[in-house]
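I have placed the structure first, in the form of structure tokens, so that the comments after it can refer back to it.
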Amino acid sequence: MNLEQLRATVNAGGVQKVTLEGKGDGFIVKITTIKGPEATLARVRGPEARCFINPRSGLGMLREAGVMQVMVDLTHWEPAPKK
């Protein structure tokens, strides 16, 4: 799912749950819709998952898309060691 599709789904009331999920040293966005399987927010160009190193960036983008509640899953988050 791309950002425009996410906005449209949010506006239509079709989003059930959004999770900012840790993956390596970044975060991806998982979207559960009312009518379908879980989707991953994709990059602007291509089907790859959009990844945010800074969770604040991801949360800001989700808010701009109309998402007001987000779960955060840190299970698989492994932040890069400080230098």
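The values are calculated or read from the model by the stated rules, or taken from the named source; none is laboratory data. Bear in mind the structure is a predicted one, so any value in this text is a computation, not a measurement. Because the Cβ atoms are built from the backbone with ideal geometry, glycine has one as well, and the counts that use them run over all protein chains shown.
Here are a few things to note about the model shown:
- Looking only at the range 12-49, residues that are β-branched (Val, Ile, Thr), within 14 Å of Ala65 (Cβ to Cβ), out of contact with any Leu (no Cβ under 7 Å at 6 or more places or on another chain) and assigned to a strand (DSSP E or B) come to 2 in all.
- Residue tally, condition in contact with a strand residue (DSSP E or B) (Cβ under 7 Å, 6 or more places away or on another chain), under 11 Å from Leu6 (Cα atoms) and in a loop (DSSP other than H, G, I, E, B), over the range 50-83: 1
- Selection of first residues in the range 38-58 that are loosely packed, with under 10 Cβ neighbours inside 10 Å and of second residues that are modelled with pLDDT of 95 or more and charged (D, E, K, R), restricted to Cβ pairs under 9 Å at least 6 apart or on distinct chains, gives the following pairs, ordered by first then second residue: Val44/Arg50.
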